[in-house]
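In what follows, a structure is listed as C-alpha coordinates, so that the remarks can point back to it.
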Amino acid sequence: LPVVSQPPPRIDLTGRPRRGLAVVTCMDTRIDPLAVLGLEPGDAKILRNAGARVTDDVVRSLAIVVAALGVDRVALIAHTDCAAAKSTDDELRALVAGVAEADVTGWEPLAVDDQRATLRRDVDRHRPVGPRRGREPACGG
(Lines give C-alpha, C1' and ligand atoms only; values in the text may rest on other atoms or scores of the structure.)
Protein backbone atom coordinates (compact mmCIF):
# COMPACT_ATOMS: atom_id res chain seq x y z
CA LEU A 1 0.00 0.00 0.00
CA PRO A 2 1.25 3.51 -0.74
CA VAL A 3 2.12 5.73 2.18
CA VAL A 4 -0.11 8.76 2.41
CA SER A 5 1.28 11.69 4.30
CA GLN A 6 -1.11 13.54 6.53
CA PRO A 7 -1.12 17.30 6.83
CA PRO A 8 -0.04 18.54 10.24
CA PRO A 9 -2.89 18.75 12.76
CA ARG A 10 -4.55 22.14 13.04
CA ILE A 11 -3.93 23.39 16.54
CA ASP A 12 -6.57 26.11 16.16
CA LEU A 13 -9.41 23.55 16.08
CA THR A 14 -11.23 23.40 19.39
CA GLY A 15 -14.22 21.16 18.71
CA ARG A 16 -16.54 24.19 18.81
CA PRO A 17 -17.68 25.31 15.35
CA ARG A 18 -16.15 28.73 14.63
CA ARG A 19 -19.18 29.82 12.61
CA GLY A 20 -21.74 28.51 15.12
CA LEU A 21 -23.22 26.33 12.40
CA ALA A 22 -24.44 22.73 12.24
CA VAL A 23 -25.14 21.18 8.85
CA VAL A 24 -27.40 18.17 8.32
CA THR A 25 -26.86 16.69 4.87
CA CYS A 26 -26.90 13.46 2.92
CA MET A 27 -24.08 10.94 3.08
CA ASP A 28 -23.82 11.05 -0.72
CA THR A 29 -20.13 11.11 -1.65
CA ARG A 30 -20.73 13.80 -4.26
CA ILE A 31 -21.53 16.35 -1.56
CA ASP A 32 -18.71 18.24 0.13
CA PRO A 33 -20.66 20.32 2.66
CA LEU A 34 -17.71 22.52 3.61
CA ALA A 35 -16.97 23.39 -0.02
CA VAL A 36 -20.66 23.91 -0.88
CA LEU A 37 -20.95 26.49 1.89
CA GLY A 38 -17.51 28.04 1.46
CA LEU A 39 -16.36 26.78 4.86
CA GLU A 40 -13.15 25.32 6.26
CA PRO A 41 -12.53 22.50 8.76
CA GLY A 42 -13.60 23.71 12.18
CA ASP A 43 -16.28 26.11 10.89
CA ALA A 44 -19.30 23.79 11.34
CA LYS A 45 -20.53 20.55 12.84
CA ILE A 46 -21.47 18.16 10.01
CA LEU A 47 -24.15 15.49 10.51
CA ARG A 48 -24.69 13.09 7.62
CA ASN A 49 -27.11 10.28 6.90
CA ALA A 50 -29.05 8.75 4.02
CA GLY A 51 -31.43 11.39 2.69
CA ALA A 52 -30.32 14.18 5.05
CA ARG A 53 -33.10 13.21 7.45
CA VAL A 54 -33.69 14.69 10.89
CA THR A 55 -33.86 11.40 12.76
CA ASP A 56 -33.99 10.88 16.53
CA ASP A 57 -30.20 10.63 16.55
CA VAL A 58 -29.82 13.88 14.59
CA VAL A 59 -32.19 15.62 17.04
CA ARG A 60 -30.06 14.27 19.91
CA SER A 61 -26.86 15.51 18.29
CA LEU A 62 -28.35 18.93 17.50
CA ALA A 63 -29.55 19.30 21.08
CA ILE A 64 -26.02 18.64 22.33
CA VAL A 65 -24.21 20.96 19.91
CA VAL A 66 -26.70 23.76 20.57
CA ALA A 67 -26.54 23.37 24.36
CA ALA A 68 -22.84 22.63 24.77
CA LEU A 69 -20.89 23.70 21.69
CA GLY A 70 -22.15 27.12 20.65
CA VAL A 71 -24.22 26.22 17.60
CA ASP A 72 -26.75 28.94 16.83
CA ARG A 73 -27.68 28.07 13.23
CA VAL A 74 -28.65 24.83 11.52
CA ALA A 75 -28.69 24.18 7.77
CA LEU A 76 -30.49 21.17 6.31
CA ILE A 77 -29.17 20.39 2.86
CA ALA A 78 -30.91 17.84 0.64
CA HIS A 79 -29.87 17.28 -2.98
CA THR A 80 -31.09 16.17 -6.36
CA ASP A 81 -30.61 12.61 -7.59
CA CYS A 82 -30.73 11.28 -4.01
CA ALA A 83 -30.99 7.50 -3.70
CA ALA A 84 -33.29 7.92 -0.68
CA ALA A 85 -35.74 9.73 -2.98
CA LYS A 86 -35.62 7.09 -5.72
CA SER A 87 -36.97 4.15 -3.69
CA THR A 88 -39.79 3.40 -1.30
CA ASP A 89 -39.30 2.19 2.27
CA ASP A 90 -40.38 -1.29 1.16
CA GLU A 91 -37.84 -1.34 -1.69
CA LEU A 92 -35.02 -0.20 0.59
CA ARG A 93 -36.06 -2.68 3.26
CA ALA A 94 -35.93 -5.51 0.69
CA LEU A 95 -32.48 -4.42 -0.54
CA VAL A 96 -31.08 -4.35 2.99
CA ALA A 97 -32.71 -7.67 3.91
CA GLY A 98 -31.06 -9.22 0.86
CA VAL A 99 -27.54 -8.34 1.99
CA ALA A 100 -27.87 -8.16 5.76
CA GLU A 101 -29.43 -11.56 6.28
CA ALA A 102 -31.37 -10.02 9.14
CA ASP A 103 -35.00 -9.43 9.95
CA VAL A 104 -35.76 -5.86 8.89
CA THR A 105 -39.43 -6.00 9.87
CA GLY A 106 -40.31 -2.71 11.54
CA TRP A 107 -37.10 -0.99 10.40
CA GLU A 108 -37.81 2.41 8.87
CA PRO A 109 -35.37 3.40 6.07
CA LEU A 110 -37.04 6.85 5.84
CA ALA A 111 -37.26 7.02 2.06
CA VAL A 112 -38.06 10.48 0.74
CA ASP A 113 -41.20 10.55 -1.42
CA ASP A 114 -41.47 14.36 -1.66
CA GLN A 115 -38.21 16.20 -1.01
CA ARG A 116 -39.75 19.64 -0.37
CA ALA A 117 -42.39 18.33 2.03
CA THR A 118 -39.84 16.12 3.79
CA LEU A 119 -37.45 19.06 4.18
CA ARG A 120 -40.23 21.20 5.70
CA ARG A 121 -41.18 18.41 8.14
CA ASP A 122 -37.56 17.84 9.11
CA VAL A 123 -36.95 21.57 9.70
CA ASP A 124 -40.01 21.60 11.97
CA ARG A 125 -38.84 18.43 13.72
CA HIS A 126 -35.55 19.98 14.81
CA ARG A 127 -37.05 23.28 16.07
CA PRO A 128 -37.75 22.15 19.67
CA VAL A 129 -34.02 21.58 20.24
CA GLY A 130 -32.74 24.21 17.81
CA PRO A 131 -31.06 27.52 18.64
CA ARG A 132 -33.10 30.30 20.23
CA ARG A 133 -31.15 33.50 19.72
CA GLY A 134 -33.77 35.78 18.19
CA ARG A 135 -33.26 34.77 14.55
CA GLU A 136 -34.56 32.10 12.25
CA PRO A 137 -32.30 29.18 13.24
CA ALA A 138 -32.94 26.74 10.44
CA CYS A 139 -32.77 26.83 6.71
CA GLY A 140 -33.19 24.14 4.15
CA GLY A 141 -32.33 23.70 0.53
*With only Lys, Arg, Asp and Glu charged, each at its Cβ (+1 for the first two, -1 for the last two), find how big the charge dipole of the chain is about the Cα centre; round to the nearest 20 debye.*
860 debye
*Could you work out the helix-only [θ] at 222 nm for the chain, with each DSSP H run of four or more residues adding -39,500 (n - 2.57) and the total divided by the number of residues, to the nearest 500 deg cm²/dmol?*
-8500 deg cm²/dmol
_Need one number: % antiparallel among DSSP beta bridges in the chain, to the nearest 5._
0 percent
*Using the alpha-carbon atoms, what tilt in degrees (0 to 90, nearest 10) does helix 56-68 show relative to the longest principal axis of the chain?*
10 degrees
_Between Thr88, Thr118, Thr25, where does the largest GNM mean-square fluctuation fall for the chain, given springs only between Cα atoms within less than 10 Å?_
Thr88
*Amide hydrogen neighbours beyond the local backbone of Val24, cut-off 5 Å, H modeled*: Leu47, Ala75, Leu76, Ile77
*So how much accessible area does Asp113 have, in Å² to the nearest 10, using a 1.4 Å probe?*
140 Å²
*For the chain, modelled as a Gaussian network with Cα springs under 10 Å, which listed residue fluctuates most, Pro33, Pro17, Pro41?*
Pro41
*First check a/c for the range 1-83, with a ≥ b ≥ c the square roots of the eigenvalues of its C-alpha gyration tensor; if it is under 1.5, answer rounded, and if not, answer prolate when a/b is larger than b/c or oblate otherwise.*
oblate
*Helix 89-100 versus the longest principal axis of the chain: what angle, 0 to 90°, nearest 10, using Cα atoms?*
90 degrees
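The values are calculated or read from the model by the stated rules, or taken from the named source; none is laboratory data. From a predicted model like this one, the values you see are computed outputs, not experimental measurements. All Cβ positions, even for glycine, are placed from backbone atoms using ideal geometry, and neighbour counts span all protein chains on display. In case anyone asks, the SASA skips ligands and DNA or RNA and just uses the protein heavy atoms, side chains included. Shrake-Rupley method; radii C 1.70, N 1.55, O 1.52, S 1.80 Å.
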